[in-house]
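Colleague: Sharing a structure here in structure tokens format.
The values are calculated or read from the model by the stated rules, or taken from the named source; none is laboratory data. Every value quoted in this text rests on a predicted model; they were computed, and no experiment measured them. A quick note on method: Cβ atoms are made from the backbone with ideal geometry, for glycine too, and the neighbour counts reach across all protein chains shown. These area figures cover heavy atoms from the full protein model, side chains too; ligands, DNA and RNA do not enter into them. Shrake-Rupley method; radii C 1.70, N 1.55, O 1.52, S 1.80 Å.
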Amino acid sequence: MRHLGALAWLLFWMLAASGLYLYLRFDTSASGAYASIGELEWWFGGVLRSLHRYAADAFVVVTVLHLFREMYLGRFRGWRAFTWISGVPLVWLLYASGLVGYWLVWDTRSQFSFLATLEWLGIAARAGDAPDRLFSLFVFLHIGLPLALLAGMWVHVLRLGRPKTVAPRALGFACAGMLLALALLRPAVSEPQWDPLRAPQSVAVDWFYQFVHPLMYATSPALLWALVLGVSALLLVLPWLSKAQVVVARVDPANCNGCGRCVADCPYEAVVLSGGKAAVSASRCAACGICAGACPSSTPFRSILDLVSGIELPELTIRVLREKLRAALPTPEVVFCCEKSPQPGAIALRCLAMLPPAFVEYALRNGAQRVKAVGCEGECAYRLGLELSDERFAGQREPHLRASVVFERTSNEYRFRLRPV
């Protein structure tokens, strides 16, 4: 469930790849479209057509699940508002792309969907054969709408640091394999050819995309408009109905050297360099403290009494963390934890990646026999906490843990000790 967004990207590229081949084989005229689809060889073109169909249905399922999961987790407030709002039009583009794709098949299902859409839009349908210009419009829309969807998906992840747009390999292969198996076992087939003089009496609709048509006929076009626009408006204003109150990170110019580590590590692109110093965008800041953990001045080994970091949280400064650590020492074990995974007697951090690696060595050299650090169980509340901590502790990212400290990781827990001399 954590990879629904990445799965949506995978499905989009599957649709783009299969759609490109189908377009090369497709007769883009109203008179030849239906026949060109029927001429696809079953073992390749037919499989790709079925894969295209089922990947489109899966795209809807994954997108709806992603939307409801993010809503359930409250990921539409404050610093996530832009990402949430930019995602709402994507649902419209997704459904519009799928509906127009069905019209290209030019069978009775296309006829039903197209005429129902015209009725919903309040446009009178004209009897007779459809002109090639209208069909060219369908082709243009089925290419243009997915391109607009792709641009919207890029905007959707624009304010995320290290956006997860690639699904884990095992999950990606499993998804592709499942859709391929479905395409082989239950190939997608066309309905009878479009008859311009007679409306179909029964149609096998695709309920993932075309449920709006039966819903309209069961109610009314006006009620369907009210439902669609009302739900869209509610999703758009949701961030303002429940605002997140955070005290954003603060930059101290005297201690900031403009190294850019906080810029590189921020999960929400909230920190930028301006005039050689870090600057924080209040609307984007999640107050996760990851930037403080990245700052080279966030080290307890500094001898000054009033320890101030180049960037830190006003509510939980690096000086306060050092005071809490000193108060706990000496002790057999020091425990640091993310506040989302509280531990008895632990020093709580906003996020595990807020912990500068130097604090681990400081604790071990000043009376702690062992150090344990516990992050979020499962998905990090701030996206990159475990990932960045892992790289810093492994020496792959600055600030890194010194070679004199060894660590081992089990799930979301890290255990540290000094390397034997």
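Colleague: Search the stretch 396-421 for residues that are touching a residue at least 40 places away in the same chain (Cβ under 8 Å) and pair each with any residue that is loosely packed, with under 15 Cβ neighbours inside 10 Å and basic (Lys, Arg) when their beta-carbon atoms are under 6 Å apart and the residues are at least 6 apart or on different chains.
Modeller: Short answer, once both residue conditions are applied: Ser404/Arg419.
Colleague: Taking Leu134 and the conditions (1) in a helix (DSSP H, G or I); (2) of a type in the set (A, V, I, L, M); (3) in contact with a Gly (Cβ under 9 Å, 6 or more places away or on another chain), which numbered condition does it fall short on, given that it satisfies the others?
Modeller: (3)
Colleague: If you scan the stretch 199-214, which residues turn out to be without any contact (Cβ under 8 Å) to a residue 60 or more places away in the chain and either part of a loop (DSSP other than H, G, I, E, B) or exposed (fewer than 14 other Cβ atoms within 10 Å of the Cβ) (or both)?
Modeller: Restricting attention to the stretch 199-214, the residues satisfying the condition of being without any contact (Cβ under 8 Å) to a residue 60 or more places away in the chain are 201-202, 207, 211, 214.
Gln201, Ser202, Trp207, Phe211, listed by residue number.
Colleague: Could you tell me which of the residues Pro399, Pro420 is exposed (fewer than 15 other Cβ atoms within 10 Å of the Cβ) and part of a loop (DSSP other than H, G, I, E, B)?
Modeller: Pro420
Colleague: Look at the stretch 239-257 and say how many of its residues are outside any loop (DSSP other than H, G, I, E, B), open to solvent by less than 40 Å² (accessible area, probe 1.4 Å) and at pLDDT 95 or above.
Modeller: The qualifying residues number 1.
Here's the yes/no breakdown for (1) free of Cβ contacts under 8 Å to residues at least 12 places away in the same chain; (2) farther than 18 Å from Arg350 by Cα; (3) in a loop (DSSP other than H, G, I, E, B):
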site: Gln369; (1), (2), (3): no, yes, no
site: Ala373; (1), (2), (3): no, no, no
site: Cys380; (1), (2), (3): no, no, yes
site: Leu388; (1), (2), (3): no, no, no
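Colleague: Another question, then. Determine, yes or no, whether Trp106 is crowded, with 18+ Cβ neighbours inside 10 Å and under 19 Å from Ala188 (Cβ atoms).
Modeller: Here the answer is yes, as Trp106 does meet what is asked.
Colleague: Which of the numbered conditions does Leu236 fail, given that it passes all the others? Conditions: (1) surrounded by 13 or more Cβ atoms within 10 Å (Cβ to Cβ); (2) more than 26 Å from the chain's Cα centre (by Cα); (3) not acidic (Asp, Glu).
Modeller: (2)
Colleague: Pairs only if they're at least six apart or on different chains, beta carbon under 8 angstrom, first in the stretch 237-254 and of a type in the set (D, E, K, R), second loosely packed, with under 13 Cβ neighbours inside 10 Å and assigned to a loop (DSSP other than H, G, I, E, B); list them, first residue then second.
Modeller: Matching pairs, first to second residue: Arg250/Pro314.
Colleague: I need a count of the residues in the stretch 219-238 that are hydroxyl-bearing (Ser, Thr, Tyr) and outside any loop (DSSP other than H, G, I, E, B).
Modeller: Within the stretch 219-238, residues that are hydroxyl-bearing (Ser, Thr, Tyr) and outside any loop (DSSP other than H, G, I, E, B) number 1.
Rundown of residues vs (1) open to solvent by less than 50 Å² (accessible area, probe 1.4 Å); (2) in contact with a helix residue (DSSP H, G or I) (Cβ under 9 Å, 6 or more places away or on another chain); (3) more than 30 Å from Ala368 (Cβ to Cβ); (4) among the hydrophobic types (A, V, I, L, M, F, W, C), yes/no style:
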| position | (1), (2), (3), (4) |
| --- | --- |
| Arg261 | no, yes, no, no |
| Val271 | yes, yes, yes, yes |
| Arg319 | no, no, no, no |
| Glu323 | no, no, no, no |
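Colleague: On to the next question. Of the residues Cys288, Cys266, which is more than 27 Å from Leu90 (Cα to Cα) and either in contact (Cβ under 8 Å) with a residue 24 or more places away in the chain or touching a helix residue (DSSP H, G or I) at 6+ places or on another chain (Cβ under 8 Å) (or both)?
Modeller: Cys288
Colleague: Just need a number here: residues in the stretch 335-358 that are buried (at least 24 other Cβ atoms within 10 Å of the Cβ), within 15 Å of Lys324 (Cβ to Cβ) and out of contact with any Gly (no Cβ under 7 Å at 6 or more places or on another chain).
Modeller: Within the stretch 335-358, residues that are buried (at least 24 other Cβ atoms within 10 Å of the Cβ), within 15 Å of Lys324 (Cβ to Cβ) and out of contact with any Gly (no Cβ under 7 Å at 6 or more places or on another chain) number 1.
Colleague: Please identify the pairs in which a residue from the stretch 158-181 that is part of a helix (DSSP H, G or I) has its Cβ atom under 7 Å from the Cβ atom of a residue that is open to solvent by 60 Å² or more (accessible area, probe 1.4 Å), counting only partners at least 6 apart or on another chain.
Modeller: Close Cβ pairs satisfying both conditions: Leu171/His3.
Colleague: Same structure again: Just a yes or no: is a residue in the stretch 119-128 at pLDDT 95 or above, of a type in the set (Phe, Trp, Tyr), farther than 30 Å from Cys266 by Cβ and part of a helix (DSSP H, G or I)?
Modeller: Looking through the stretch 119-128, at least one residue is at pLDDT 95 or above, of a type in the set (Phe, Trp, Tyr), farther than 30 Å from Cys266 by Cβ and part of a helix (DSSP H, G or I).
Colleague: Glu391 is checked against (1) under 21 Å from Gly260 (Cβ atoms); (2) within 25 Å of the chain's Cα centre (by Cα); (3) buried (at least 17 other Cβ atoms within 10 Å of the Cβ) and fails just one. What number does that condition carry?
Modeller: The failed condition is (3).
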